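One structure is given here, and the rest of the page talks about it.
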Amino acid sequence: MKMTDGEKLIVLMLADISKRLQGEPEVDPDFVAQTIYADQLWGFDWHFSGIPFERSEEPNPVVKETVNILEMFSSTMYQFQQLENSEQKRVRDDIGYAAHGLDIFPGFDGNHDPHYRVANYLVQDLHRFKDVPGATNNSHTQTSLPQYRKMLLVYLPMRTKLGTGRFSKEDIIAIFKGS
């Protein structure tokens, strides 16, 4: 969805009027305002899935990649918890420092990475990925995204496995090592 600056201002004013009226509005004016302030207009399509918005452009690649990364961490964290304690120890030992990502998402760089704003919007405004501890963390490093991309190359082909079974400890190790 695209909006001109004038359209954004009109919608914000309508949201403000809606908040002042008696009764419970059908469309949450706070959500509308926050979506515009965050400049995450794609969120309208996600939140209001019953409205047939015009979809003339490709999905935002940053949004798609952020969703894939958070989904990967959500899945691997859950699958890791399903392992026996001895298998969990082996995974932690094999992946070393990266093992902290099994418990809490390290985050995106809040100063240089647009994925950070998308992740915050997904969690705080769309209420997605609440199961990923640290989903809104600021990693304060530009090295996290390249590592997540390596991990995705391993994870995405494995994702189909989740419909019929679980990840093995070897699968989780391969994902976190990015190989």
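The values are calculated or read from the model by the stated rules, or taken from the named source; none is laboratory data. Since this is a predicted model, take the numbers as computed values, not measurements. So basically every Cβ, Gly included, is an ideal-geometry build from the backbone, and we count neighbours across all protein chains shown.
Across the range 1-29, the number of residues qualifying as acidic (D, E) and under 21 Å from the mean Cα position of the chain (by Cα) comes to 0.
Here are some residues: S75, S18. Which one is part of a helix (DSSP H, G or I), hydroxyl-bearing (S, T, Y) and not assigned by TED's automatic domain parsing to the domain that holds D171?
Details: S75 fails: not assigned by TED's automatic domain parsing to the domain that holds D171.
Within the list S75, S18, the selection yields S18.
Looking across I36, I69, one residue alone is within 30 Å of F105 (Cα to Cα) and in contact with a Lys or Arg (Cβ under 6 Å, 6 or more places away or on another chain). It is I36. Taking the range 28-56 as the range and being assigned to a loop (DSSP other than H, G, I, E, B) and either in contact (Cβ under 8 Å) with a residue 12 or more places away in the chain or surrounded by 10 or more Cβ atoms within 10 Å (Cβ to Cβ) (or both) as the test, the residues that pass are D28, A38, D39, Q40, L41, F48, F53, E54.
Tell me yes or no: at least one residue of the range 87-108 is part of a loop (DSSP other than H, G, I, E, B) and among the small types (G, A, S). Yes: one or more hits. On inspection, V62 fails the criterion of being under 26 Å from Y37 (Cβ atoms), without any contact (Cβ under 8 Å) to a residue 24 or more places away in the chain, assigned to a helix (DSSP H, G or I) and not charged (D, E, K, R). Scanning the range 1-58 for residues that are among the β-branched types (V, I, T) and modelled with pLDDT of 85 or more gives V32, T35, I36.
Of everything listed in (1) part of a loop (DSSP other than H, G, I, E, B); (2) surrounded by 16 or more Cβ atoms within 10 Å (Cβ to Cβ); (3) hydroxyl-bearing (S, T, Y), the single unmet condition for Y121 is (1). For the range 73-94, the criterion of being at pLDDT below 90, of a type outside the set (K, R) and touching an Asp or Glu at 6+ places or on another chain (Cβ under 8 Å) is met by none of the residues.
Inside the range 73-82, can you point out the residues that are of a type outside the set (S, T, Y) and either farther than 15 Å from A174 by Cα or surrounded by fewer than 18 Cβ atoms within 10 Å (Cβ to Cβ) (or both)? Show your work before the answer.
From the range 73-82, those of a type outside the set (S, T, Y) are 73, 77, 79-82; that's our starting set.
Within the range 73-82, Q81, Q82 meet the criteria.
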